[in-house]
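Student: Take this structure first; my questions come after.
The values are calculated or read from the model by the stated rules, or taken from the named source; none is laboratory data. Everything numeric in this text was worked out from a predicted model, so none of it was measured. Every residue, glycine as well, gets a Cβ built from its backbone with ideal geometry; the counts of neighbours run over all protein chains shown. Note: accessible area is taken over every heavy atom of the protein model, side chains too, but ligands, DNA and RNA are not part of it. Shrake-Rupley method; radii C 1.70, N 1.55, O 1.52, S 1.80 Å.
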Amino acid sequence: MLRWMMGVMLFGGLLLPIRADAQPARFTISGYVEDAESGEQLPGANLYAPELGKGTVTNTYGFFSLTLAPQDSLRLVVSYIGFQPTVLDLVLDRDVELTIGLSPMAGELGELEVIAERTETITNTSQMSQVNVPIAQIKAVPALLGEVDVLKTLQLLPGVQSGSEGTSGLYVRGGGPDQNLILLDGAPVYNASHLFGFFSVFNADALRNVTLTKGGFPARYGGRLSSVVDISMKEGNMNEVKGAGAIGLIASRLTVEGPLRKGTTSFLLSGRRTYADVLAQPFIAAQNRDSDDDVNGGYFFYDVNAKLNHIVSRTDRVFLSFYGGRDRFYARERYTYDAGENTALTDRFNSGLGWGNVTGTLRWNHVFSNKLFSNTILTFSEYEFEIEAESEEQFSGGEGQIEEEFFGLRYFSGIRDWSGRIDFDYVPRPEHYIRFGASATAHRFSPGASQFETEDAFERVDTTFAPSPAIDAGEFAAYIEDDMTLGARLKVNAGLHASALTVGDEVYTSLQPRLSTRFFATADWALKASFASMAQYIHLLTNSGIGLPTDLWLPATERVPPQRAWQAATGVARTFPKRGLELSVEGYYKAMRNLIEFKPGANFIGIDTDWQDKVEIGEGWSYGAEVFLQKQTGRVTGWFGYTLSWTDRQFDNLNDGIRFPYRYDRRHDFSAVVNYEWKPGRTLSASWVYGTGNAISLPIALHLSQEGPHTGDFFGRFYDELEVYTDRNGYRMRAYHRLDIGLNFTKKKRWGERTISIGAYNTYNRRNPFYIYLGEESTGPFTRERVFKQVSLFPIIPSFNYSFAF
């Protein structure tokens, strides 16, 4: 079935040029739009012919194609957010190839901006539920400890929720973190968190573009249910060496880019590391001076981004990119007891936790003709984590006798992908933008294995237990879509995504129709609607809400089917060109099935139980409405977002089979982000968020049982205390709200510019709930009372950051 679908798509793609050639004489303007200073391609740049009312946008790689009737005089306006628009006057009597350079914005734009924005604004495009956040805005948003964070910025958008306090997980329209397809230069990133979820793995200095799609998915995207976060790295400056970096309270970063061969080959190299482990050493040393123990420990993470960009010819470009990052926590303790007479006992204990990602991408862009563009990509992605602990005891006797005992435990898990993909962009006329392609991925899942090692004077044991052996799976996909303009008012994007998974003896298939429409009700207001069916062949098994690396990536199997969902959305959109504002209001409904959860009492570690025996399979629903008002240009930029939503889950063997609120069900979610440049080089940034408290399960009573000695009363009787629960997630924590502020002072220097940033996280010191537990409080000299206690994580936290660019 899949082969037949792919054959039809490719055959259809070959017929399209024949149909186009049968049309009356037309000529095509094609080429690239790029940054005039760096030579880097600009995705999503607008090209518009005002007199004809026709235009197009560049694709993800900066390529465009616009086919028009012959013109004696053609005025073409080219624009891109953050750059000065340019106007080209052309005589269109033949095909034209152009490389158009745009210069960074300087000053107000006036009428040109208004004309240019009529091309692919939120009201003109058929796409809905998609947000592009400029990197400059991401860098301006106040951040925890001054560390710029892409994913935390996305949490401030409507329809996107954070998990626990301060973490960078994404919960989009009722989905879980595994339902987000996070792509870095086309390669999937399976764990996007550093520092147990408090920072993301993306270094903003190395990034070019960030786009979030949370509904109305085009057919070219597949494999996840809730969102696509498409992140592109910079391609490297083709003309001169440039650099940027920052020194913060807990981490520093440096990025360098430039030409290896001017105008032909460029490079980018970026690195970041935290030095929390180095800063902790003096405190650890001081503690050791007053103790018999020799204790050491620490935590650090690092990232490395690298990229090469080479122009082979006017029709071919090759890119090679790499990302590597790792977190490492370690603790070591050594204790020696000297009993005299050459007798001593030495204990050593080492433990550690490590996790990290490695991705690589090889990409080839080829222009077959002025209407047909292809992107071929090979990717590698690997995520792994391990937990280890070692204990060693050494006894030295009086006559030189030495006895040793050793015990070691190691737990490890991960996922590895090799993938190939080819995409075609075909633009026969401005009224049709056709995309089609296919992909194949080889997955290897390592759900978990435990290695035990013991040794003493009598025997040595070294054994690895893998209750869930490595699983190999193949995932395949093909798609076709057409973005069609049908008259002056109606625009439609219709497509079909076909996919399949082979795992063991099981083969799963899925046909997923996609449809998005835009209709101009008036000259100012656009009505939009979309429908998307999705399938996801991988699961994330988690028993934690704070992004711990012990979460397990697992495939669909013969016993655990793929996740499936459909989502429908409708809304209105309007642009206010003179004010630089875009407004969208959307309502959505999403149904999900084959979701998994741990059974009560189960966890990720086990030497004799397959993970498939630890899970329950159920359903989920999410529906709501979102309001989004955004301003991307001018002295004041930012956005306002509001979400009203309901999200539920239902499992036959959980909560007595009764539908219950999802842990991150949040009725109201509000965010406001403002960046104000009151004078050149002086910027005030602020963000305020408010959210309904998370849903949690709390016991309503304690049941005393005499089946086991646990707690004794005055008369010597012993009981077990069993907590009694009613509805799952039937209690709400207090509402969450927080204000962050930041001030940026930028100054030009002979060597470039420097920026000093100061700010505060949780400015008014709100005690937001992190979790709630059942504790005790004294109510008298001999009495205590059980009470619920709240733990808050972050008070007001000041930040300082020194950044520079040269």
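Student: If we count every other residue with Cβ under 10 angstrom of V787's Cβ, Lys/Arg +1 and Asp/Glu -1, where does the sum land? Kindly include the intermediate steps, with their values, before the conclusion.
Tutor: Values: positive: R784, R786, K789; negative: E776, E777, E785.
Here the charged neighbours net out to 0.
Student: When you count, for each residue, the other Cβ atoms within 10 Å and take the mean per peptide, how do 783-791, 242-250 rank with the highest first?
Tutor: Result, highest mean first: 242-250, 783-791.
Student: Note the full-extension length gain between A331 and A470 as 0.36 nm times their separation in residues minus their Cα-Cα distance, in nm to one decimal. Present the calculation step by step, with values, prior to reporting the outcome.
Tutor: Numbers: separation 139, 0.36 × 139 = 50.04 nm, distance 2.96 nm.
Separation in residues times 0.36 nm, less the Cα-Cα distance, equals 47.1 nm.
Student: In addition: Can you pick out the pairs among K139/K590; K578/K747; K599/K789; K234/K262; K54/K214 whose Cα atoms lie more than 23 Å from each other?
Tutor: Numbers: K139/K590 32 Å; K578/K747 30 Å; K599/K789 26 Å; K234/K262 17 Å; K54/K214 28 Å.
Distance filter (> 23 Å) returns K139/K590; K578/K747; K599/K789; K54/K214.
Student: Right, something else. Which order do the peptides 405-414, 471-480 come out in when sorted by mean C-beta neighbours inside 10 angstrom, highest first?
Tutor: The peptides rank, most packed first, as 471-480, 405-414.
Student: By accessible area of protein heavy atoms, probe 1.4 Å, what ranking do R220, R416, R173 get, highest first?
Tutor: Heavy-atom accessible area, descending, gives R416, R220, R173.
Student: Quick one: ranking R334, R272 by accessible area, 1.4 Å probe, largest first, what do you get?
Tutor: So, going from the largest accessible area down, we get R334, R272.
Student: For the pair L698 and T783, what calculated FRET efficiency results from E = 1/(1 + (r/R0)^6), where r is the Cβ-Cβ distance and R0 = 25 Å, to the nearest 0.05?
Tutor: The pair T783/L698 has a calculated efficiency of 0.65.
Student: Moving on. How do 585-592, 141-148 rank on mean C-beta neighbours within 10 Å, highest first?
Tutor: Per-residue Cβ counts within 10 Å, averaged per peptide and sorted highest first, yield 141-148, 585-592.
Student: Add +1 for every Lys or Arg and -1 for every Asp or Glu among the other residues with Cβ under 14 Å from the Cβ of S622, and state the total.
Tutor: +3
Student: I need the shape label for the stretch 735-796. Rule: rounded when a/c is under 1.5, else prolate if a/b > b/c, else oblate, with a, b, c from the alpha carbon gyration tensor.
Tutor: Judged from the Cα gyration tensor, the stretch 735-796 comes out prolate (a/c at least 1.5, a/b above b/c).
Student: Further, regarding this structure: Taking a ≥ b ≥ c as the square roots of the eigenvalues of the Cα gyration tensor of the stretch 166-301, is the shape rounded (a/c under 1.5), prolate (a/b larger than b/c) or oblate?
Tutor: In terms of gyration-tensor shape, oblate.
Student: Still on this structure, please answer the following. Enumerate the calculated ³J(HN,Hα) couplings along the stretch 564-570 in order (Karplus 6.51 cos²θ - 1.76 cosθ + 1.60, θ = phi - 60°), each rounded to whole Hz, writing x wherever the residue is Gly or Pro.
Tutor: For the stretch 564-570, the Karplus curve yields 9, 7, 9, 9, 10, 9, 8 Hz.
Student: Oh, and also: Using the eigenvalues of the Cα gyration tensor, what equivalent ellipsoid semi-axes result for the stretch 650-705 when each is taken as the square root of five times the eigenvalue, whole Å, largest first?
Tutor: Computed over the stretch 650-705, the values are 45, 14, 7 Å.
Student: So what J values fall out for the stretch 792-806 if you push phi through Karplus, 6.51 cos²θ - 1.76 cosθ + 1.60 with θ = phi - 60°, rounded to Hz, Gly and Pro as x?
Tutor: Going residue by residue, I get 10, 9, 10, x, 5, 10, x, 9, 9, 8, 10, 10, 8, 9, 9 Hz, with x marking Gly and Pro.
Student: Would you mind checking the stretch 122-166 for residues with the amide N under 20 Å from a putative spin-label position 7 Å along Cα→C-beta of R754?
Tutor: 146-148
Student: Apply the Karplus parameterisation 6.51 cos²θ - 1.76 cosθ + 1.60, with θ equal to phi minus 60°, to every residue of the stretch 201-209 and state each ³J(HN,Hα) to the nearest whole Hz, in sequence, with x for glycine and proline.
Tutor: Result, rounded to whole Hz: 8, 9, 8, 4, 5, 9, 9, 10, 8.
Student: Using the beta-carbon distance between L98 and K679 and R0 = 45 Å, what value does 1/(1 + (r/R0)^6) give for FRET efficiency, to the nearest 0.05?
Tutor: For L98 and K679, the calculated efficiency is 0.75.
Student: Could you tally the net charge around I422, taking each other residue with its Cβ under 14 Å from the Cβ of I422, Lys/Arg +1 and Asp/Glu -1?
Tutor: Numbers: positive: R220, R363, R421, R435; negative: D423, D425.
Counting the neighbours of I422, the net charge comes to +2.
Student: Given a 1.4 Å probe and the protein chains all in place, what does the accessible area of D727 round to, in Å² to the nearest 10?
Tutor: The value for D727 is about 100 Å².
Student: Near the amide H of S164, under 5 Å away, which other amide H atoms are found, from residues 5 or more places off or on another chain, if H is placed in the peptide plane?
Tutor: none
Student: Compute the length gained on full extension between F806 and T265: take 0.36 nm times their separation in residues and subtract their Cα-Cα distance, giving the result in nm to one decimal.
Tutor: Additional length available on full extension: 192.8 nm.
Student: Using a 1.4 angstrom probe on the protein heavy atoms only, could you order W639, W646 from most to least accessible area?
Tutor: W646, W639
Student: Here's a follow-up. Would you mind calculating the relative contact order of the stretch 611-664 from Cα pairs under 8 angstrom and at least 6 residues apart, reporting the percent as a whole number?
Tutor: Computed over the stretch 611-664, the figure is 33 percent.
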